[in-house]
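Encoded as C-alpha cells, the structure appears first; notes follow it.
The values are calculated or read from the model by the stated rules, or taken from the named source; none is laboratory data. As the structure is a computational prediction, the values presented were derived from the model and not from experiment. Note that we place each Cβ from the backbone using ideal geometry, even for glycine, and neighbour counts take in every protein chain shown. Surface areas here come from the heavy atoms of the whole protein model, side chains and all, with no ligands, DNA or RNA. Shrake-Rupley method; radii C 1.70, N 1.55, O 1.52, S 1.80 Å.
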Amino acid sequence: MNELTDLQSVVKAIINANRYMTLATANEEGLPWASPVWFASTDYREFFWVSSPGARHSRNLAVRPELAIAIFDSRQTPGSGEGLYLSARAELHELELDRGLAIFSGVSQAQGAPAWERSDVLPPARHRLYHATAIEHFVLSSRDERLPVAFQ
C-alpha cells in the first residue's frame, strides 16, 4: 500500500467507526458555533444529518453554507487518537431529497434506528435533511500535524 491508500483507509476507518460528527458553522457576522450531530455517509465525501431548521447551526448554514466538520472518538487516550477534519459546503436541492433520504434512512436502519420518510423532513415536520459535501479531508498524524488526503 502507498501512503495515499493508507491515509484513505484511515479516513474510511474513522468515518465507519463513528456515529457523530461535530459541525463548525458561523453566522453572517462570523460568530462560530459547534454542534454534534448523528450522521450518515456511504461514500466518505457526502454527509447527511437531520436537524431543526431553527437550530443555531441550521440557521448559520442558511446564511453561510461553508462549514468544517470533525469526526473523532472522544474516548481515545490523550496523544493516541486519530481524527478526521473536513472542509465542506452544505446544501440540499429538492431534487436530491429522495436520494439523500434513502442514504440517511438506510444507515439509520442499519444502526437499529427507525426509517426516515419525506414526511419526517418536510414541513410541517420538526426536522429537515441536511447534506454537506467534503471539499478537503485531513487526518491527524502521530506528530499532531494535519495531513491532507486526496479523496475522490
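On the stretch given as region 73-98, residues that are touching a helix residue (DSSP H, G or I) at 6+ places or on another chain (Cβ under 7 Å) and either open to solvent by 60 Å² or more (accessible area, probe 1.4 Å) or hydroxyl-bearing (S, T, Y) (or both) total 1.
Figure legend. Inter-residue proximity from region 70-98: first residues among the β-branched types (V, I, T), second residues surrounded by fewer than 15 Cβ atoms within 10 Å (Cβ to Cβ) and part of a strand (DSSP E or B), beta-carbon distance below 7 Å, spacing 6+ or different chains. No pairs are indicated. Scan (1) assigned to a loop (DSSP other than H, G, I, E, B); (2) in contact with a His (Cβ under 7 Å, 6 or more places away or on another chain) for the single condition A115 breaks and write down its number. With (1) assigned to a loop (DSSP other than H, G, I, E, B); (2) in contact with a His (Cβ under 7 Å, 6 or more places away or on another chain) applied to A115, the lone miss is (2).
Among the residues of region 123-152, those identified as in a strand (DSSP E or B) and open to solvent by 100 Å² or more (accessible area, probe 1.4 Å) are I135, R146.
Hey, any hits in region 106-118 for a residue that's under 17 Å from the mean Cα position of the chain (by Cα) and open to solvent by less than 10 Å² (accessible area, probe 1.4 Å)? Yes, that holds for at least one residue. Among residues of region 114-130 that are farther than 15 Å from E91 by Cα, those with a beta-carbon under 7 Å from a residue that is open to solvent by 90 Å² or more (accessible area, probe 1.4 Å) and modelled with pLDDT of 95 or more at least six positions away or on a different chain give the pairs A115/Q109. Report whether or not A70 is in contact with a Ser or Thr (Cβ under 8 Å, 6 or more places away or on another chain), at negative phi and surrounded by fewer than 19 Cβ atoms within 10 Å (Cβ to Cβ). For A70, the condition - in contact with a Ser or Thr (Cβ under 8 Å, 6 or more places away or on another chain), at negative phi and surrounded by fewer than 19 Cβ atoms within 10 Å (Cβ to Cβ) - is met.
Regarding region 45-66, can at least one residue be identified that is in contact with a helix residue (DSSP H, G or I) (Cβ under 7 Å, 6 or more places away or on another chain) and closer than 17 Å to S87 by Cβ? Scanning region 45-66, I find no residue that is in contact with a helix residue (DSSP H, G or I) (Cβ under 7 Å, 6 or more places away or on another chain) and closer than 17 Å to S87 by Cβ, so the answer is no.
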